[in-house]
Amino acid sequence: MKNIDNRSNCFFTQSILADLVFILMRIFNGEDRTEKLKEIYDEEYINDIQNNYRYLGEIISSLPNKGYELLEFLLLNKQFNSIEEYKNNVLSMEKVDFFFIFYGQFIDSKSINLALENEENLKKFYSKYNNISQSYIALKSLFADRELLMEEFFSCLNALYNNGFKSYYEEQLDDIQDIYQKIEDVFKLNDPLEVSQSIMGKTFKNRGPYENFIFIPSFFINGRSVRFFGKDQILIYSPSFKSLTKNDLTKILKIISDDTRFEIIGLLSKNNPMNGKELSIALTLTTPTISHHIEQLKEAGFINEERIKNSKYYSINPNSVNNFMKCLSEKLKTI
């Protein structure tokens, strides 16, 4: 890791492990495959990954954050580039500690310990924390045999870490140096929390204090950025906004044309941030209905999400909105 602007608590690094997880998420969540991804893996290779790791794919699709949970352990061991060391550290954890980190340190260890004791307790746990899985069967399987999930997870990462991926990574070294220089220049005028907020396009509710700030650029993250925090803050971000295609623009326009979603955008623009309960009261809709619309807006990139204890707070992402408006304006000029 490199220090940023000679600050002892601010660091910049690549993460092979994080990029492999983002690739894995794209494959199993049915997300658009970028040109970069197509350069590395052909269609047959992707199909083989999906067929060989079906259990992993089923669990990932049941998780609320669709796989980001698998990166929570970065906060614990700071193993950004070694799959084997990350694996050893994660698999050596006690089950209670594993699930405490896996669920973002927001569910207390006592509740997790009780859920691990028997199925009756697990059902109560699922009822209380119904946002941690879209399927009780998937949750039950995960609690019964987390080793199976993690073995498939690390085996899949090693399968994705092929010569094509390694070659691509080596080709990006000059770009990474340029990205490092850009963030160094920004740090000369701003503190790390301000830089983080600028990258994510939001004002944080959880502001630390943090002992260390680690910034990780990613060419494969789906979306603009993701933040993990505990004692330290890790921010993984795309170094540039992608140019939206015609299909991207029409998809976003379709999402925001819905009356309820348009109202949510308006509410968050005025009162941001808000949680699901506040939005359901304001719009006189059920929380599950709000959650459905929020997921659509997150897919468009318009919404940031930040978990505080057991609540999720939503805010507008002005960076993504501005990028959408810019790309739309440019596309309209060519028609």
query: Is there any pair with a first residue in the stretch 228-251 that is not assigned by TED's automatic domain parsing to the domain that holds GLU306 and a second that is surrounded by fewer than 16 Cβ atoms within 10 Å (Cβ to Cβ) and not in a helix (DSSP H, G or I) whose Cβ atoms are under 7 Å apart and which are 6 or more apart or on different chains, and what are they?
result: PHE229/ASN206; LYS231/GLU211; ASP232/GLU211; GLN233/GLY208
query: What helices (runs of 4 or more DSSP H) lie completely within the stretch 148-209 and have 1 or more residues being closer than 30 Å to ASN272 by Cβ?
result: 173-187, 192-200
- prompt: Out of LYS124, LYS166, which single residue is modelled with pLDDT of 90 or more and more than 30 Å from PRO239 (Cα to Cα)?
  reply: LYS124
task: Could you grab me the full set of residues in the stretch 253-300 that are touching a residue at least 40 places away in the same chain (Cβ under 8 Å) and outside any helix (DSSP H, G or I)?
output: ASN272, PRO273, MET274
- line: Selection from the stretch 183-192 of residues free of Cβ contacts under 8 Å to residues at least 40 places away in the same chain and within 19 Å of ARG224 (Cα to Cα) yields VAL186
Residues located in the stretch 132-154, provided they are surrounded by fewer than 16 Cβ atoms within 10 Å (Cβ to Cβ), of a type outside the set (Gly, Ala, Ser) and in contact (Cβ under 8 Å) with a residue 60 or more places away in the chain: GLN134, LEU148
- prompt: With (1) surrounded by 15 or more Cβ atoms within 10 Å (Cβ to Cβ); (2) part of a helix (DSSP H, G or I) as the list, and LYS124 as the residue in question, which single condition is left unmet?
  reply: (1)
- prompt: Tell me, which residue of the stretch 1-25 that is farther than 25 Å from GLY67 by Cα and either free of Cβ contacts under 8 Å to residues at least 40 places away in the same chain or assigned to a strand (DSSP E or B) (or both) is nearest to the chain's Cα centre (by Cα)?
  reply: CYS10
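The values are calculated or read from the model by the stated rules, or taken from the named source; none is laboratory data. Quantities reported herein were computed from a predicted structural model and do not represent experimental measurements. Don't worry about glycine lacking a Cβ; one is built from the backbone with ideal geometry, like all the others, and counts go over all protein chains shown.
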